[in-house]
Amino acid sequence: MAAAIESQPEPVTTPAPDGWLDHVDPAFGYTLLVPPGFVARPQDVDRLRMFTPTPVASTFFMNPTMAAGDLAGIEPPDLEVRIYSAGKTDSLESWLTRAGFAYGSSGTHVEPQRVGDLHGVQVCQSTMIAPGCSIYVLHGERVYQLTAISREGEAMAATFRVVAP
């Protein structure tokens with residue numbers, strides 16, 4: 001499967017939508033564009049401990065109506081960015097396999113994906129509750145997982161860039 005990751009589609013230049021704003025996360029080294037009024041809400045570290053593997057951080061990006069509603073934090077956000085510590089790993093494929101996210105799992109479809117200038121994969125699992133697909137990219141010793149459930153979320157994910165070494 002390593003060959004599939006290396007034979008990535010050509011990058012698609014995504015023009016910034018008019019009026020969208022930069023969201024920069026200096027602690028985890030990424031940036032993306034968000035629609036005006038959208039809320040970026042970091043997730044509680046204690047809540048992240050219920051996941052295996054455990055992310056080191058997660059941020060929800062939500063439209064302002066959802067963020068202010070009674071179901072904020074319960075309903076899935078437009079986009080979630082999770083960050084995992086990958087340590088020294090030889091490839092995204094090997095990390096995803098060790099983490100149990102792809103490769104060899106029944107009902108899992110994996111295909112190459114580009115996010116800006118980063119090579120990654122989109123993993124879709126038929127056993128997942130919606131959303132069933134996430135994009136994973138490896139940069140340095142971090143894996144970034146982007147999970148979008150709306151058109152705005154997909155558009156935000158398309159503007160994702162790593163800004164840290």
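Scanning the stretch 77-108 for residues that are at pLDDT below 85 and either in contact with a strand residue (DSSP E or B) (Cβ under 8 Å, 6 or more places away or on another chain) or under 15 Å from HIS139 (Cβ atoms) (or both) returns PHE101, ALA102, TYR103, SER105, GLY107, THR108.
Condition check: among the β-branched types (Val, Ile, Thr) and at pLDDT below 95. Does VAL121 satisfy that?
Numbers: among the β-branched types (Val, Ile, Thr): yes; at pLDDT below 95: yes.
In short, yes.
Taking first residues from the stretch 94-106 that are within 13 Å of TYR84 (Cβ to Cβ) and assigned to a loop (DSSP other than H, G, I, E, B) and partners that are at pLDDT 90 or above and of a type in the set (S, T, N, Q), the Cβ contacts under 9 Å between residues at least 6 apart in sequence or on separate chains come to PHE101/SER134; PHE101/GLN145. Residues in the stretch 36-56: is at least one at pLDDT below 95, within 19 Å of MET156 (Cβ to Cβ), of a type in the set (Ser, Thr, Tyr) and exposed (fewer than 11 other Cβ atoms within 10 Å of the Cβ)? Looking through the stretch 36-56, none of the residues is at pLDDT below 95, within 19 Å of MET156 (Cβ to Cβ), of a type in the set (Ser, Thr, Tyr) and exposed (fewer than 11 other Cβ atoms within 10 Å of the Cβ).
When residues in the stretch 80-100 are screened for being closer than 25 Å to ILE149 by Cα and of a type in the set (S, T, N, Q), 2 of them pass.
The values are calculated or read from the model by the stated rules, or taken from the named source; none is laboratory data. The structure presented is a predicted model; accordingly, all values stated were derived computationally and were not measured. Every residue, glycine among them, receives a Cβ derived from its backbone with ideal geometry; neighbour counts consider all protein chains shown.
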